[in-house]
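See structure below.
Derivation of every value follows stated rules applied to the coordinates shown; laboratory data play no part. Bear in mind the structure is a predicted one, so any value in this text is a computation, not a measurement. Neighbour counts run over all protein chains shown; Cβ positions are idealised from the backbone, glycine included.
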Amino acid sequence: MKYELAIFDMDGTILNTLEDLTDSLNASLTHFGYPTRTLEEVRCFVGNGLMKLMERAVPANTSTSDIQKVFAYFFQYYQEHCAIKTRPYDTITKTIETIREKGIKTAVVSNKADVAVQELCLQYFPGLFDFAIGEKEGNKRKPAPDAVNETLEVLGFQKEQAVYIGDSDVDLATAKNANLDCIAVAWGFRDEAFLKEHGATCIIKKPEDLLTLL
């Protein structure tokens, strides 16, 4: 067994959250009279936390104070609507169950707000993660290694015992900054060509492919 801990990204890796994010974002933009965004635009905007999503979504030259107002509305709206269309990717739940049966610990590290990470893990993956952490005060968001390092500390693993699994350039950079091996997934918010362009050397096309790598 190569790894003893598998750390997963959330959005685009274990959960397809894109539609709920888009709907919540557009409800917020509409509330403040701004143009809405398409699903594909939002796909390109996500990955660096919800505030960065908002900064990318509002019209250019929107003031910082106005961005903060829209974000406050969006943050509350999304907490209440984050599990309407969101679904686990096909076979990911069974794959995580099998990984755990092999004795490998599992965790989630996400740039999504910590309250949403906890809620979504409980709703969609009850009992399947030994630790989960999202964006919260005191930790820099990915690609900073803070949350990964906290996960390793809490669960009692060394870097060489763990692997990071994600779907974006942010995840690749996170693994690099944390000195972890990385497995990139091609079913999420970024395609295989994009991942290769950003340095991915191990890319899988379906969740069960993880079973041969862990």
*Grab the DSSP H runs of the chain that are 4 residues or longer, score each as -39,500 (n - 2.57), total them, divide by all residues and round the 222 nm result to the nearest 500 deg cm²/dmol.*
-12500 deg cm²/dmol
_Given axes a ≥ b ≥ c from the Cα gyration tensor, I'd like to know whether the range 18-80 is rounded (a/c under 1.5), prolate (a/b larger than b/c) or oblate._
rounded
*How long are the three semi-axes of the equivalent ellipsoid for the range 73-139, computed from the Cα gyration tensor as the root of 5 times each eigenvalue, in whole Å, largest first?*
24, 15, 8
*Which shape class, rounded, prolate or oblate, goes with the range 168-214 when its Cα gyration tensor gives a ≥ b ≥ c as root eigenvalues, a/c under 1.5 marks rounded, and past that a/b bigger than b/c marks prolate?*
oblate
_Burial order of peptide ranges 166-176, 129-139 (average beta-carbon count within 10 Å, highest first)_ = 166-176, 129-139
*asked:* Just to confirm a number: summing +1 for Lys and Arg and -1 for Asp and Glu over residues other than Leu29 whose beta-carbon lies under 13 angstrom from that of Leu29, what do you get?
replied: -1
*Just how far, in whole angstrom, is the range 51-90 from the range 123-165 if you go by their alpha carbon centroids?*
23 Å
_How far apart, in nanometres, would the label points at Asp130 and Lys102 be if each is projected 7 angstrom from Cα along the Cα-to-Cβ direction?_
1.5 nm
